[in-house]
Amino acid sequence: MSSDNRTPAIIARNLTRKFGDFTAVDNVSFEVAQGEIFGFLGSNGSGKSTTIKMLTGLMMPSGGEGIVAGFDVSNNPEAVRGSIGYMSQKFSLYQNLTVMENLRFYSDVYEIPINEVNSGISGIIDRLALHEYKNKLARDLPAGVRQRLALGVSYIHKPNILFLDEPTAGVDPSQRRVFWDWIHDLSASGITVFVTTHYMDEVEHCERIGLIDKGALIALGSIKDLKIETAGGLPVQIYASGKNQKLEIPNNIVAEFNLTLVQNKYKAILKSENKLNELKSKLEASGLPFKVALELPCMEDVFTLMMKSGDAR
Ligand SMILES: Nc1ncnc2c1ncn2[C@@H]1O[C@H](COP(=O)(O)OP(=O)(O)OP(=O)(O)O)[C@@H](O)[C@H]1O
Ligand SMILES: [Mg+2]
């Protein structure tokens, strides 16, 4: 790779794609650090796959810039394609080949050295629990297994960056664990994973997320950052630590932190973690036995609110 380990693995700057008069991806900018799991979310037709196709060198941007693994997607798409793995949203497997035959076929396509093919394939078979399906035709596999095989195929040449377009689409919640366990392992070993999903509960697996709506990026950040942004700060509750105890916070602290007393609990929206730490140390200094709970909104609420404010623009 032509970059050191601080260079972002993926950079999009004002990335734009038009189809005639229609703008499918509109001035989208973000960066993904090496080894990060970046979740890209949005409803049907919002522009996720089009963004991925531009960043994987499969579709030319109409404007802006994409740099992946240090290569420009417009000027050097072959170098980009050679540095990444890509699991497309559409079926990428050969239906009339078995699981093993698909893995061997793609090992050939990626010119994996002959002495590494068998160990590479068994690694994938083991990690993605494909043993019992080895000799089954791809077209006869249950949806979850088929997606697992497609995921394995995208990693057959051990790229440093993986683009996964809805890898768990149609997969049973109980089976999605295998995907995410593997994605976490890959990320822990330094591999960057750019992944799209429709499932809100999967967002929690991502270190940072981008939310795209009608081609525009309307939110970007860590889950905690987005929750804080939506709540307008850190919503906290402070209450007595003992079961039947009542907490009485001195007036000067109540006034300073704008605390409101609701049914034996003090509530406030604090501007930052620093403010929260300040409040905690003042309460500790006053010798009162207390507990603090954060009341951050759930991701579902975050998205609903962000989509609504997107509509208002
Ligand atoms: N080749 C094309 N020609 C014309 N319009 C296209 C083309 N590819 C995509 N579009 C349009 O661009 C928009 C974004 O499509 P895209 O496939 O990127 O969305 P998506 O977020 O991946 O959706 P989904 O969740 O359904 O996969 C859609 O309105 C789609 O119809
Ligand atoms: Mg798509």
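Just so it is clear, none of the values below were taken in a lab; they were calculated from the coordinates. These numbers come from a predicted model, not from an experiment. For neighbour counting, all protein chains shown are included, and Cβ atoms are generated from backbone atoms with ideal geometry for every residue, glycine included.
Listing for the model above:
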| read-out | value |
| --- | --- |
| Set of lysines with alpha-carbon distance to K136 below 23 Å, sequence-local pairs under 8 removed | K90 |
| Cα-based reach from K246 at 30 Å (exclusive), listing lysines while leaving out same-chain residues under 8 positions away | K227, K265, K267, K271, K275, K280, K282, K291 |
| Relative contact order of region 232-297, defined on C-alpha pairs under 8 angstrom at six or more residues apart (%) | 52 |
| Ellipticity estimate at 222 nm from DSSP helix runs (n ≥ 4, -39,500 (n - 2.57)) divided over the chain, nearest 500 | -10500 deg cm²/dmol |
| Ranked list, fewest to most other Cβ atoms within 10 Å of each Cβ, for I228, I114 | I114, I228 |
| Most mobile of K224, K280, K267 in a GNM of the chain (Cα contacts under 10 Å) | K280 |
| Reachable aspartates and glutamates, given that their alpha-carbon falls under 20 Å from the alpha-carbon of K158 and they are not under 8 places away in the same chain | D4, E36, E78, E101, D108, E111, E116, D126, E166, D181, D185 |
| Relative contact order for region 10-226, counting Cα pairs under 8 Å that sit 6 or more residues apart, in percent | 29 |
| Gyration tensor (Cα) of region 43-194, equivalent ellipsoid semi-axes in angstrom | 26, 18, 15 |
| Value of D in µm² per second that Stokes-Einstein yields for region 232-297, Kirkwood Rh from Cα pairs, at 20 °C (1.002 mPa s) | 180 |
| Separation in nanometres of the label points that stand 7 Å from Cα toward Cβ, at I114 and C298 | 5.6 |
| Helix axis angle, 299-312 relative to the chain longest principal axis, alpha carbon, degrees | 90 |
| Gain upon complete extension [K308, D201; 0.36 nm per residue less C-alpha separation] | 36.5 nm |
| Helix 114-127 axis, angle to the chain major axis (alpha carbon atoms, nearest 10°) | 40 |
| Estimated distance in nm for a label pair at Q175 and M100, the labels positioned 7 Å out from Cα along Cα-to-Cβ | 2.2 |
| Cα-only radius of gyration and Dmax that characterise region 170-313, units Å | 19.6, 55 |
| Net length gained if the chain between E78 and A240 were fully extended (0.36 nm per residue, minus Cα distance) | 52.1 nm |
| The chain: angle of helix 143-154 to the longest principal axis, Cα-based, in degrees nearest 10 | 70 |
| Rg over Rh [alpha-carbon atoms, Kirkwood Rh] for the chain | 1.08 |
| Span from the region 246-279 Cα centroid across to the region 114-134 one, whole angstrom | 56 |
